[in-house]
Structures are given as C-alpha cells and as structure tokens.
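A quick write-up on the structure given underneath.
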Amino acid sequence: MIEIDGSYGEGGGQIIRTAVALSAVTGLDTKITNIRRNRPDPGLKTQHVKAIESLSRICNADVEGLNLGSELIRFSPMEMEGGSFKIDIQTAGSIPLLLQCLMPAAIFSKERIELTVIGGTDVAWSPTADYLKHVTLGSLSKMGYQCNMQINTRGYYPRGGGSVKATIFPSKIKPTDYLPDKCTVRGVSHCSNLPEHVPVRQAETAISMIREHGYEAEVDVFGKSHVSTGSGITLWCPSIGSSALGRRGLPAETVGKNAAKNIITELDSGASVDVHLADQLIPYMGLCRGGSYTAREITEHTRTNIWVTEQFLDVHFTINRIGQLFEVSAD
Ligand SMILES: Nc1ncnc2c1ncn2[C@@H]1O[C@H](COP(=O)(O)OP(=O)(O)OP(=O)(O)O)[C@@H](O)[C@H]1O
C-alpha cells in the first residue's frame, strides 16, 4: 500500500489525479490523505470525484471515501479494460483535467479506450481542450503516446455542455528529449452565442502582437451556437502553449493580447516546453524512465508531480539550472 500525503507541495487536485493514475498503472493499492489541504475548500470537488470514478470504471478499482468533500480515499485497482465509456461531468468541470487523470493509465489497457466526456472545454485554471489536443497530446505523441481527440462541442463556464471524444490506443512510450523549435504559432479563436466579430478580434490582436515580436502566426476562427455562452483563444508552437478566456466586459482585443503575451514570454525564454506542460509531462517521463526538457520556471505543480511520481515508480528526476532556464531530466 502506497500512502500519499495530499497536502504535500502544491497540495491541490493534481496530486490526486497523478496518484490514482499511477496506482492504476502499477496496480498498487493507494491511500491518499489530507486531500486538497492547501486549498481554501479542502477535500474532493465534483471534478475530482468524477475523474476518480471514471478511472475506477476503466481499471475496475475498489474506491473508499469517494464523495464530495472527502479528505481521504483508498484506491485499489484491478485489471484495466478497454471499451467505450461515456462520462458526464454535469457541470462546467474541466474535461481536460478529467482526461489528465485517465491518460497515463489508458495506454496500458490491452484494448483501446474510447471516452466521450461532457463538461467544460474552455474553463479557468485548466488546460483548454485545444491545449490538451495540440500541446499536451502533440508533445506526448513524440514519446509514442497514441490518442485521437475531437472537440465536438465547446463548453464554457457556468453551463458547460461541451463534448470531447478521445480514443486512446495501447502504446509503448519512449524517453524523449524536447528541444526548442522555431515554428509558426498556430491557434484557434472561438466563441459560442456571441457576435462573429468577437473571435475575429481576438485572433487579429494576437496575430499582430506575435508578428510584432518576430514570430509567424496563423489562427483559425470559429463562431458557433452551443448550449453555453463564451469565448476563448488557444495558441501553440508546438510544445509551448497559451490560452485566454473571454468574459463579460472584457474586450476581445484584451483576450487576444493576454494569450499572445503569454506565448511570447515563453517563446522569448528559449525554453522547450511551457510552464504548464512542464508539470504535465512528469508522469510520462516517469513511466518511460527518461527524457528531458527545459522550462523557464519550475512551478510547485512540477515539483509536486515529481514527488508523487517518484513515490510510485523507480525513477529519479534531476533539475539543473542552465543560464536563465531549468532543465528537468529523468533516469
Ligand atoms: N492556462 C493553463 N494552460 C495549461 N495548463 C494549465 C493552465 N492552468 C492550469 N493548467 C494545468 O492544470 C492543472 C491544474 O492542477 P491543480 O492541482 O491546480 O488542479 P485542480 O484539480 O483544478 O485543483 P485545485 O482546485 O485543487 O487547484 C495543472 O496540470 C496545470 O499545469
């Protein structure tokens, strides 16, 4: 039995997602205490309950303590099964964060796993669905991770109702060294139930700012009518990503500018991955016991994910400072 103190480091939701994911991969029974102790509202929230419940369906786990507000769970996984699973988060809870919890284990299933998830595609404090598809999965595909992801409907806060289909294939991942890549910044600017000029203005502002800083940019624009109302933009190049969400009273130009500013900071730093991907790659580097990247900052999320991963797997991470950047490697 592995015991994980959920108040370690960042002490948020990510420790739980990584811990149950690696529990499912290794088959080790896991007890997590002090869940989200460092957050103002400790204990499991709906999105965490949904993520653990969904993973438990895939690996036939027995779970104790799985309810809202719970600060202790026991997760006992069994054999992983392929198949089709429909998961309705029921709120605008983040689809990408739910998938973040299922993705490390899913490639170890003997059969492919087809997930249809209903919830939020573009919500705060989370990767956007476009970020997950292009930055996270784009980067993981270099390791050999195989997943097809379709964003069918967008879901914004508070209504949600977005729909994503992800098909994950059994695959073997290999250590990969991520290097900075001078590519054209690509992007998607979108809205639902708002005037068509909103995503156009977001995109145009982002493109002109990025070009002023010496990078090329191309952004696709979509305006649709879905159940929820909102707007956003995600940019990527290829393992560096950035996103910004619209909200009432915030000019579309500011949304475009916010996303552009972030990606310019990341690109100017010369890092090979952005600060968010830096924490997201850790479990996969642990699973294939190798690989490296550079990032402009090592966040508490990254340090915490390193700690959790080292509790489950026979892997050791090293962080070295190289000029203004940090190099993270696994062996
Ligand atoms: N703008 C963003 N772009 C890409 N990834 C992001 C972005 N914002 C957050 N993330 C990622 O989302 C995850 C959030 O983890 P965190 O522990 O904060 O999650 P949580 O479950 O929402 O928890 P809590 O409510 O406890 O904060 C991390 O992997 C982080 O890198």
Problem set entry | Selected residue (only one of Glu53, Glu79 is among the acidic types (Asp, Glu) and in contact with a Leu (Cβ under 8 Å, 6 or more places away or on another chain)) | Glu53
For this session: Could you check, for the range 242-259, whether at least one of its residues is of a type in the set (Val, Ile, Thr) and within 16 Å of Leu325 (Cα to Cα)?
Result: no
Exercise. Could you list, in sequence order, the residues of the range 163-212 that are aromatic (Phe, Trp, Tyr) and crowded, with 17+ Cβ neighbours inside 10 Å?
Worked result: Tyr178
Seminar exercise, completed: Note on the range 21-34: residues within 16 Å of the ligand (Cβ to nearest atom), touching a Ser or Thr at 6+ places or on another chain (Cβ under 7 Å) and in contact (Cβ under 8 Å) with a residue 60 or more places away in the chain are Leu22
For this session: Answer with yes or no whether Asn38 is within 16 Å of the ligand (Cβ to nearest atom) and in contact with a strand residue (DSSP E or B) (Cβ under 6 Å, 6 or more places away or on another chain).
Result: no
Problem set entry | Unmet criterion (only one of (1) assigned by TED's automatic domain parsing to the domain that holds Lys261; (2) touching a helix residue (DSSP H, G or I) at 6+ places or on another chain (Cβ under 9 Å)) for His226 | (2)
For this session: Just name the residue that is surrounded by the most Cβ atoms within 10 Å (Cβ to Cβ) out of those in the range 213-224 that are touching a Ser or Thr at 6+ places or on another chain (Cβ under 9 Å) and part of a loop (DSSP other than H, G, I, E, B).
Result: Tyr215
Exercise. Would you call Pro127 within 16 Å of the ligand (Cβ to nearest atom), under 28 Å from Lys174 (Cβ atoms) and in a loop (DSSP other than H, G, I, E, B)?
Worked result: yes
Exercise. Before we move on, is Ala295 under 25 Å from Glu212 (Cα atoms) and touching a Leu at 6+ places or on another chain (Cβ under 8 Å)?
Worked result: yes
Exercise. Of the residues that sit in the range 60-109 and are free of Cβ contacts under 8 Å to residues at least 24 places away in the same chain and in contact with a Ser or Thr (Cβ under 6 Å, 6 or more places away or on another chain), which one is surrounded by the fewest Cβ atoms within 10 Å (Cβ to Cβ)?
Worked result: Asp62
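Listed here are the residues, each with its yes/no results for (1) polar (S, T, N, Q); (2) in a helix (DSSP H, G or I); (3) in contact with a Leu (Cβ under 9 Å, 6 or more places away or on another chain).
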{"site": "Thr136", "(1), (2), (3)": "yes, yes, yes"}
{"site": "Lys142", "(1), (2), (3)": "no, yes, no"}
{"site": "Ser171", "(1), (2), (3)": "yes, no, no"}
{"site": "Cys183", "(1), (2), (3)": "no, no, no"}
Exercise. Residue check: is Cys101 within 16 Å of the ligand (Cβ to nearest atom) and not aliphatic (A, V, I, L, M)?
Worked result: yes
For this session: Those residues that are of a type in the set (S, T, N, Q) and over 19 Å from Lys86 (Cα atoms), I need them from the range 129-165; list them, please.
Result: Thr136, Ser139, Ser141, Gln146
Problem set entry | Residue check for Gly13: crowded, with 20+ Cβ neighbours inside 10 Å and within 15 Å of the ligand (Cβ to nearest atom) | yes
Exercise. Counting only residues that are closer than 21 Å to Leu137 by Cα and of a type in the set (Val, Ile, Thr), how many does the range 299-325 have?
Worked result: 4
Seminar exercise, completed: Looking across the range 293-319 at residues that are of a type in the set (S, T, N, Q) and part of a strand (DSSP E or B), the single one that is farthest from Gln280 (Cα to Cα) is Thr318
Exercise. Can you spot a residue in the range 106-127 that is among the polar types (S, T, N, Q), in contact with a Leu (Cβ under 8 Å, 6 or more places away or on another chain) and farther than 19 Å from Cys59 by Cβ?
Worked result: yes
For this session: Kindly list the number of the only condition in (1) within 14 Å of the ligand (Cβ to nearest atom); (2) surrounded by 24 or more Cβ atoms within 10 Å (Cβ to Cβ); (3) not polar (S, T, N, Q) that fails for Gly256.
Result: (1)
Exercise. So is Thr234 touching a Ser or Thr at 6+ places or on another chain (Cβ under 7 Å), of a type outside the set (A, V, I, L, M, F, W, C), touching a residue at least 60 places away in the same chain (Cβ under 8 Å) and surrounded by fewer than 24 Cβ atoms within 10 Å (Cβ to Cβ) or not?
Worked result: no
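The values are calculated or read from the model by the stated rules, or taken from the named source; none is laboratory data. These numbers were taken from a predicted model, which means no experiment stands behind them. Cβ sites come from the backbone with ideal geometry, for glycine too, and all protein chains shown count toward neighbours.
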